[in-house]
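I have a structure I would like to understand better, so I am pasting it below and will then ask my questions one at a time.
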Amino acid sequence: MDDLIAEVDRTCDVAHRPGGQEQPDWLALLTVAANLAGQLQALADDLVEDYVEHCRMHGSSWTDIGTALGVTRQAVQQRFHAPHKRYGPETMTDDLRQAMVQVKQAAVHHRNNYIGTEHLLWGLTAEDNTATRLLRAADVSPEDLHRAVGARLSMGASQAAERIAWTPYSRKAMAIAEERAEAVGSARIDCDQLLLGLAQIGRGVAAGVLSDAGVDLATLDDCLGRSG
């Protein structure tokens, strides 16, 4: 709690008046605290959802999951069993379809029964496409990123490639990419839009690799705007 209070105090630079003689602006501090609490809640929800998904992929029943969470089977199904949107080849450009082949191969090769953001970034940087060109415009080497994310791919024990499912962060990145495609009037999602989706969610392995390489959403958006 002390760390969270300190973060609110540090973030809310408008709350404290010069000289420190008067009371701080408690309403301003409250606003920042509420925003921070919302971010933490969203992160907590993502964490639980990710483990629920892995439990399902490894054969756990909804009853078992409900017991682990201290709720009924019905309650856990209502919360987590929403159908996930699936993106067919017709929703992607040729380049993104080719990148998705690399994504699937990375998961299968590493015996992973999920597609995480790391697999998506691996696929996006495997060959020349709009994502790699956007990275070069931002003075970032796609080849270096490809090697960096490759080092983060870990071997699993899955032998059921047909059961590979997307993690919550991967689905969110794809949803953001779809929104960006629609915003520019395109019916198909391209590689650069998925790269922007990975940067925008700001969490997951891919976000860490991008951050380590000095890649952020603002820079990519700026480069995209200048190239457009």
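Which of the residues that make up the range 80-127 are in a helix (DSSP H, G or I), touching a Ser or Thr at 6+ places or on another chain (Cβ under 8 Å) and farther than 18 Å from K172 by Cα? Working first, answer last.
Step one: filter the range 80-127 for residues in a helix (DSSP H, G or I), giving 80, 89-91, 94-109, 117-124.
If we keep only those that are touching a Ser or Thr at 6+ places or on another chain (Cβ under 8 Å) too, we end up with 95, 117, 119-120, 124.
D95 - this is the single residue of the range 80-127 that is in a helix (DSSP H, G or I), touching a Ser or Thr at 6+ places or on another chain (Cβ under 8 Å) and farther than 18 Å from K172 by Cα.
Within the bounds of the range 177-197, is there any residue that is assigned to a helix (DSSP H, G or I), of a type in the set (V, I, T) and touching a residue at least 24 places away in the same chain (Cβ under 8 Å)?
No.
Restricting the first residue to the range 11-40 and requiring it to be of a type in the set (A, V, I, L, M) and open to solvent by 80 Å² or more (accessible area, probe 1.4 Å), which pairs with a second residue that is at pLDDT 85 or above and not in a loop (DSSP other than H, G, I, E, B) meet a Cβ separation below 9 Å and a spacing of at least six or different chains?
Pairs that qualify, where the first residue is of a type in the set (A, V, I, L, M) and open to solvent by 80 Å² or more (accessible area, probe 1.4 Å) and the partner is at pLDDT 85 or above and not in a loop (DSSP other than H, G, I, E, B): there are none.
Could you identify the single residue in G66, G59, G70 that is in contact with a Ser or Thr (Cβ under 8 Å, 6 or more places away or on another chain) and open to solvent by less than 90 Å² (accessible area, probe 1.4 Å)?
G66
Name the residue that is farthest from G197 (Cα to Cα), counting only residues in the range 166-185 that are in contact with a helix residue (DSSP H, G or I) (Cβ under 8 Å, 6 or more places away or on another chain) and open to solvent by 30 Å² or more (accessible area, probe 1.4 Å). First the steps, then the outcome.
Initially, the range 166-185 is screened for residues in contact with a helix residue (DSSP H, G or I) (Cβ under 8 Å, 6 or more places away or on another chain), giving 166-170, 172-178, 180-181.
Then drop every residue that is not open to solvent by 30 Å² or more (accessible area, probe 1.4 Å), which leaves 166, 169, 172, 175, 178, 180.
On the way: W166: 15, Y169: 10, K172: 8, A175: 8, E178: 9, R180: 9 Å.
This residue is W166.
Right, something else. If I filter the range 144-153 for residues that are in contact (Cβ under 8 Å) with a residue 24 or more places away in the chain, in contact with a strand residue (DSSP E or B) (Cβ under 8 Å, 6 or more places away or on another chain) and not β-branched (V, I, T), do I get at least one hit? Write out each step before concluding.
Step one: list which residues in the range 144-153 are in contact (Cβ under 8 Å) with a residue 24 or more places away in the chain, which gives 144-146, 148-150, 152-153.
Still in the running and in contact with a strand residue (DSSP E or B) (Cβ under 8 Å, 6 or more places away or on another chain): none.
No - not one qualifying residue is present in the range 144-153.
The values are calculated or read from the model by the stated rules, or taken from the named source; none is laboratory data. The model shown is predicted, which means the values in this text are computed figures rather than measured ones. Positions of Cβ are generated from backbone atoms using ideal geometry, with glycine treated the same way; all protein chains shown enter the neighbour counts. The area values use the complete protein model at the heavy-atom level, side chains included, leaving out ligands, DNA and RNA. Shrake-Rupley method; radii C 1.70, N 1.55, O 1.52, S 1.80 Å.
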